[in-house]
Amino acid sequence: MYEKVINACRECGCKYTENADMSKFTTFRIGGPARLLVEPDSTDSLSAILKACKAEGVKPIVLGNGSNVLVRDEGIDGIVIVMGNEFSKIEYAGNDLVKVQAGAKLVDLCRFALEYSLGGLEFAFGIPGTVGGAAFMNAGAYGGEMKDVIWVVNHMDLDGEKGSFQGSQLDFSYRHSAYVDSDLIITSVIFHLEQDSAEGIKNNMDDVQRRRKAKQPLEYPSAGSTFKRPEGYFAAALIDECGLKGYSVGGAQVSEKHAGFVINTGGATSKDVLELMEHIQKTVREQKGVELEPEVRII
């Protein structure tokens, strides 16, 4: 199955894996197999793969570091495109601009910016995602968001044609961008940063990392914040006030360190996580009258 896509990968020299174990491609370390997983290494190879997908009559699922997703136990009966290490070039473009391929990890981008004494990305240090994923969902932390530092986002449509958005076209809002509501695939991002002292940037990055380690259950697999912040509330506080810290279903648990995180304590299944999320939503709805919306993408 999917011989056209496999042939396109072979012609481009791209990695591909049949019946890929998705637990190896998500930070939750959970998920059944994907029928075919491909890892493009250039926009040309991505274009060829997308054209082959169209010829097969299949719409691919696109992932970065898999840090904000939960793959169901049944797996994915289709094609997954991973924009990862093979698609992760970072380069200084002059005038405080940095061009980054979608598969680059945020932590690597932050370190690159530090080398060039470019500030503005410190808030993102430690977010376990890729640049493409961060732009897709307008990732943020500690008072900063991607919208504050992104200048241009380049993308490709399902026909393999290139394009770009900037300014109001990006439609950034809380955990949202124009890409959430489209089939466009982010290929690279141009960041507009500001000259700053390397020492100050380093101190800010270290402070962010200390705060993460102190407050978040980084020692366990998770997908980050499980629920979006409801207007006027904080999801973690609501969950904590409902007495759900430490509540478990199978190997899935509400972190005792940070109630906003559902963690994999070992051997959790997607079913465990989904049942726990449903219990959290039901409890918060009944006790607080607030509806929690998942931040995690369920695939």
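The values are calculated or read from the model by the stated rules, or taken from the named source; none is laboratory data. Keep in mind it's a predicted model, so treat the numbers as computed, not measured. Neighbour counts run over all protein chains shown; Cβ positions are idealised from the backbone, glycine included.
Annotation: of all residues in the range 81-105 being polar (S, T, N, Q) and closer than 13 Å to Ser42 by Cα, the one that is modelled with the lowest pLDDT is Asn85. Just to be sure I understand, how many residues within the range 244-296 are β-branched (Val, Ile, Thr) and outside any helix (DSSP H, G or I)? Residues that pass the stated criteria total 8. Of note, Ser197 satisfies the criterion of being of a type in the set (Ser, Thr, Tyr) and either loosely packed, with under 13 Cβ neighbours inside 10 Å or touching a residue at least 60 places away in the same chain (Cβ under 8 Å) (or both). Keeping to the range 170-220, report how many residues are within 17 Å of Thr130 (Cβ to Cβ) and either modelled with pLDDT under 95 or part of a loop (DSSP other than H, G, I, E, B) (or both). Looking only at that region, the number is 4.
Of everything listed in (1) touching a His at 6+ places or on another chain (Cβ under 7 Å); (2) farther than 21 Å from Leu274 by Cβ; (3) not assigned by TED's automatic domain parsing to the domain that holds Gly144, the single unmet condition for Glu241 is (1). Has the range 228-243 got any residue that is farther than 16 Å from Val71 by Cα, in a loop (DSSP other than H, G, I, E, B), in contact with a strand residue (DSSP E or B) (Cβ under 6 Å, 6 or more places away or on another chain) and among the hydroxyl-bearing types (Ser, Thr, Tyr)? Among the residues of the range 228-243, not one is farther than 16 Å from Val71 by Cα, in a loop (DSSP other than H, G, I, E, B), in contact with a strand residue (DSSP E or B) (Cβ under 6 Å, 6 or more places away or on another chain) and among the hydroxyl-bearing types (Ser, Thr, Tyr), which makes the answer no.
The sole residue among Ser182, Ser225, Ser177 that is crowded, with 18+ Cβ neighbours inside 10 Å and out of contact with any Gly (no Cβ under 9 Å at 6 or more places or on another chain) is Ser177. Of the strands (runs of 3 or more DSSP E) contained entirely in the range 72-123, those carrying at least 1 residues that are touching a Pro at 6+ places or on another chain (Cβ under 6 Å) fall at 76-82. Among residues of the range 214-225 that are not assigned by TED's automatic domain parsing to the domain that holds Thr130, those with a Cβ under 8 angstrom from a residue that is modelled with pLDDT under 90 and hydrophobic (A, V, I, L, M, F, W, C), sequence gap 6+ or separate chain, pair up as Gly224/Ile127. When we screen Ala134, Ala55 for residues that are in contact (Cβ under 8 Å) with a residue 24 or more places away in the chain, outside any loop (DSSP other than H, G, I, E, B) and either under 15 Å from the mean Cα position of the chain (by Cα) or over 20 Å from Cys9 (Cα atoms) (or both), the only hit is Ala134. Only residues that are free of Cβ contacts under 8 Å to residues at least 40 places away in the same chain and under 14 Å from the mean Cα position of the chain (by Cα) were counted across the range 89-110, and they come to 4.
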